[in-house]
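Student: There's a structure below that I have some questions on.
Each value in this text was obtained by applying a stated rule to the coordinates, not by laboratory testing. Computed from a prediction, not measured in an experiment: that's the story for all the values here. Glycine also receives a Cβ, built like all others from the backbone with ideal geometry; neighbour counts cover every protein chain displayed.
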Amino acid sequence: MKFLRYGPKGQEKPGCLDDAGNIRDLSDHTCDFSGGTVAISALQRLKSIDINSLPIIEGNPRIGCALADVPNFFCIGLNYAKHAAETGSILPPEPLIFNKATSALNGPFDTIKTPQGSTHLDWEVELGVVIGKEASYVSEEDALDYIAAFCTINDVSEREFQKNRGGQWVKGKSAPTFGPVGPYLVTPDEIEDPQNLSLSCSVNSEVQQNSNTSDMIFSVAQIISSMSQYFTLRVGDIIATGTPEGVGAGKKPTPQFLQDGDVVELTVENLGTQRLTVVG
């Protein structure tokens with residue numbers, strides 16, 4: 001099933017998509033999508049509702065960030081072999097985990113705001129995973145059972161902040177609007193194999209990234225299992241599982257960065273497309 005949030009920014013309502021592509025309202029059945037309301041059990045309850053009994057939302061409402069809030073916004077760095085190669089990096093022996101500020105959450109059709117002093121604004125299409133039950137010391141074999149939903153994520157990055165300002169990557173990953181999520185939360189029953197999904201990103205209609213999750217160094221199951229050995233993953237946590245080759249910073253001979261007015265379009269197979277405009 002595909003869940004979503006629709007309506008003006010700050011006034012979004014929960015909904016879902018029917019087979020005809022209509023938005024159906026879920027306001028009578030859940031308050032929103034965040035924390036406990038995206039637990040596997042909670043989404044299973046919503047899936048049991050007769051979708052044809054839900055009100056159809058007319059018109060073309062804004063589609064908001066697929067999650068109202070998250071306990072943690074985790075990211076995995078250098079998780080595609082070809083991306084590691086384009087950056088000249090050594091393949092990590094374990095998943096390289098870092099945080100993105102939860103205040104970076106953004107809608108899939110909203111704007112990317114260029115931070116003050118930014119000169120190296122970059123794109124990253126990624127497969128997103130939403131945790132649906134508390135995960136601690138999870139085996140790789142059981143890890144996929146902890147997923148509530150998959151989604152499309154743009155891990156927007158400011159490379160100069162990330163690499164040259166000291167400390168962790170979080171500085172270059174966390175400006176407001178740097179975390180577009182959605183348009184949908186797609187339940188695992190609709191994804192046959194998370195390790196065989198195409199994903200792509202274009203800037204001003206020119207394809208920059210075009211790859212498949214099969215190029216991941218660490219699979220989704222390996223990522224969840226590994227993370228859970230070091231800390232407890234909470235219901236509603238989101239994980240951006242890494243980006244493939246084709247980021248602006250890796251362009252040769254001259255890196256390419258986003259400019260005011262650029263339009264960034266990202267798609268992960270079966271999870272939906274984002275379309276975001278950069279504003280100064």
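Student: In what sequence do Asp110, Asp237, Asp32 fall when counting other Cβ within 10 Å, fewest first?
Tutor: The fewest-first ordering by Cβ neighbours comes to Asp32, Asp110, Asp237.
Student: Mind giving me the nanometre distance, one decimal, between the label points for Ile97 and Glu134, set 7 Å out from Cα along Cα→Cβ?
Tutor: Between Ile97 and Glu134, the label points sit 1.6 nm apart.
Student: Say each of Gln11 and Asp142 gets a label point 7 Å from the Cα, pointing the same way as Cα to Cβ; how far apart are those two points in nm?
Tutor: Here the modelled spin labels are 4.5 nm apart.
Student: Still on this model: Pull out the extension gain between Glu58 and Ile90, defined as 0.36 nm times the separation in residues minus the alpha carbon to alpha carbon distance; nm, one decimal.
Tutor: Length gained between Glu58 and Ile90: 6.4 nm.
Student: Only residues of segment 20-56 count here: report those whose backbone N is under 17 Å from the spot 7 Å along Cα→Cβ of Thr273, or say none.
Tutor: Under 17 Å, as judged by backbone N against the label point of Thr273, lie 21-22 of segment 20-56.
Student: Which value in Å does the Kirkwood hydrodynamic radius of segment 2-53 take, with 1/r averaged over all unlike C-alpha pairs and then inverted?
Tutor: Across segment 2-53, the inverse of the average 1/r is 11.4 Å.
Student: Here's another thing I want to ask about it. Assuming 0.36 nm per residue, please report the length gained on full extension of the stretch Gln44 to Gln229 beyond their Cα-Cα distance. Present the calculation step by step, with values, prior to reporting the outcome.
Tutor: Details: separation 185, 0.36 × 185 = 66.60 nm, distance 2.70 nm.
63.9 nm is the gain from fully extending Gln44 to Gln229.
Student: Taking the alpha-carbon distance from Lys13 and a cut-off under 18 Å, which aspartates and glutamates remain once sequence neighbours fewer than 8 residues away in the same chain are dropped?
Tutor: Lys13 reaches Asp25, Asp28, Asp32, Glu58, Asp69, Asp110.
Student: By how many nm would the segment from Lys163 to Gln116 lengthen if fully extended, with 0.36 nm per residue of separation less the alpha-carbon distance? Intermediate results must be reported in sequence, preceding the final value.
Tutor: On the way: separation 47, 0.36 × 47 = 16.92 nm, distance 1.66 nm.
15.3 nm is the gain from fully extending Lys163 to Gln116.
Student: Across segment 73-279, how many lysine pairs separated by 8 or more positions, or lying on different chains, have Cα atoms within less than 30 Å?
Tutor: For segment 73-279, qualifying lysine pairs total 29.
Student: Now for a different question. Report the one residue of Ala104, Gly246, Cys75 whose Cα lies farthest in the direction of the positive end of the charge dipole of segment 73-279 (charges on C-beta: Lys and Arg +1, Asp and Glu -1; origin at the Cα centre).
Tutor: It is Ala104, whose Cα lies furthest towards the positive end.
Student: At most 16 other Cβ atoms within 10 Å and a DSSP loop assignment: could you name the trypsin sites (Lys or Arg not before Pro) in segment 53-150 that fit?
Tutor: Arg62, Lys133
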